[in-house]
Amino acid sequence: VHLAEEKYLFFLTLSPGAVLSLVCRDSYEAWCQIINVSETQAPFFTYPDNHSNETNLSVSTSAGSKYRLYVGVALAIGSSIFVGSSFILKKKGLLQLADKGVTRAGQGGYSYLKEWLWWAGLLSMGVGEAANFAAYAFAPATLVTPLGALSVLISAILSSYFLNEKLNVHGKLGCILSILGSTVMVIHAPEEEEVTSLDEMEIKLKDPVFIAFAVVITVVSLVLIFVVAPRKGQTNILVYISICSVIGAFSVSSVKGLGIAIKEILEQKPVYQHPLVYILVGTLVLSVSTQINYLNKALDMFNTSLVTPIYYVCFTTTVVTCSIILFKEWNSMDLGDIIGSLSGFFTIIIGIFLLHA
């Protein structure tokens, strides 16, 4: 349709029942707006048909999805650097307190709150978790969480310099395997997720399978905290780590949900009116504070070289299981990608244990 001022109105049928209208100077400009390329590339697409419209729109969407995936991966790697450093700083602070003879964190003391080095570690972890928070908004949890293995790698390297823990041949091989496993997981990771709004998130949370999973996780956490920890916590490394790992399922799910809420805020939607936001915030605060408390106890009572790999494996396994149940991120993957992701994950696990062999 010809309009005034040498402009044209284009009507494009994208799919049955859907019409896109554009006001442009010519067909080149209209086509460039659709496929998001510069006008210098437009002559190549001078006479597109309906089929090519759909194909190029699909390519553009795929490119955007890839971009988001890479942003999520970059944030996850940055998070691992800060989190890995935080383990060393907090451990160093706890060791200094032990030398002073004060009540240790593993014995119920909170003297570490007066130690600046511990606070530096907490700040480093806060920055890392903030980057991790953002990563969940761009990439699937089944990819972001396993990339946390890099924090163990950073921790192992730094501990050899600052905690006098030497990195032997097995450790170096473990570093290589961890990096290879992470790379494989990135290659085979799902690109998109089904949950894109708080309403969809609420529907997922009401799924009977997830409710059953959440009940089991809650019961196990309470038993570990009030029954097992007082008796076995100071002698069995798995007790404190299990508490952190199990509760981690709630913290990561909350972070993912709040990431969706932030997206809707940027879209100027009335998110504050949705009660789910406040539930997610409360769950996140409670779960993270509990994790920090028991992780401090584990670091204080046991060697860092044992705590980090075991915590990573337990935490990642719990979170990936929760993610599969809640977000069903693997539904869009074919068998080859699923096998590739699992292979990468198990390669990371082998590398983590070799790091501390």
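Every listed requirement among (1) closer than 22 Å to residue 223 by Cα; (2) among the polar types (S, T, N, Q); (3) modelled with pLDDT of 85 or more; (4) surrounded by fewer than 22 Cβ atoms within 10 Å (Cβ to Cβ) is met by residue 343 save one, (1).
Please determine whether any residue of region 165-172 is exposed (fewer than 13 other Cβ atoms within 10 Å of the Cβ) and under 29 Å from residue 334 (Cβ atoms). Within region 165-172, none of the residues are exposed (fewer than 13 other Cβ atoms within 10 Å of the Cβ) and under 29 Å from residue 334 (Cβ atoms). Scanning region 98-133 for residues that are modelled with pLDDT under 70, assigned to a loop (DSSP other than H, G, I, E, B) and touching a helix residue (DSSP H, G or I) at 6+ places or on another chain (Cβ under 7 Å), we see that the one that is surrounded by the most Cβ atoms within 10 Å (Cβ to Cβ) is 104.
A Cβ distance below 7 Å, combined with a sequence gap of six or more or placement on separate chains, defines the contacts here; from region 256-284, residues that are not assigned by TED's automatic domain parsing to the domain that holds residue 129 reach no residue that is at pLDDT 90 or above and loosely packed, with under 15 Cβ neighbours inside 10 Å.
Of the helices (runs of 4 or more DSSP H) contained entirely in region 219-313, those carrying at least 3 residues that are at pLDDT 85 or above and among the hydroxyl-bearing types (Ser, Thr, Tyr) fall at 237-266, 275-301. Can you name the residue in region 202-212 that is over 20 Å from the mean Cα position of the chain (by Cα) and either part of a helix (DSSP H, G or I) or without any contact (Cβ under 8 Å) to a residue 60 or more places away in the chain (or both) and, of all such residues, is surrounded by the fewest Cβ atoms within 10 Å (Cβ to Cβ)? Filtering region 202-212 for residues that are over 20 Å from the mean Cα position of the chain (by Cα) and either part of a helix (DSSP H, G or I) or without any contact (Cβ under 8 Å) to a residue 60 or more places away in the chain (or both), the one surrounded by the fewest Cβ atoms within 10 Å (Cβ to Cβ) comes out as 208.
Restricting attention to region 287-338, the residues that are small (Gly, Ala, Ser), farther than 22 Å from residue 178 by Cα and buried (at least 17 other Cβ atoms within 10 Å of the Cβ) total 2.
Residue-wise test of (1) modelled with pLDDT of 50 or more; (2) farther than 23 Å from residue 303 by Cα; (3) surrounded by 12 or more Cβ atoms within 10 Å (Cβ to Cβ).
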residue: 40; (1), (2), (3): no, yes, no
residue: 47; (1), (2), (3): no, yes, no
residue: 53; (1), (2), (3): yes, yes, yes
residue: 68; (1), (2), (3): yes, yes, yes
residue: 78; (1), (2), (3): yes, yes, yes
residue: 84; (1), (2), (3): yes, no, yes
residue: 88; (1), (2), (3): yes, no, yes
residue: 91; (1), (2), (3): yes, no, yes
residue: 96; (1), (2), (3): yes, no, yes
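The values are calculated or read from the model by the stated rules, or taken from the named source; none is laboratory data. Every value quoted in this text rests on a predicted model; they were computed, and no experiment measured them. Positions of Cβ are backbone-derived with ideal geometry, glycine not excepted, and every protein chain shown enters the neighbour counts.
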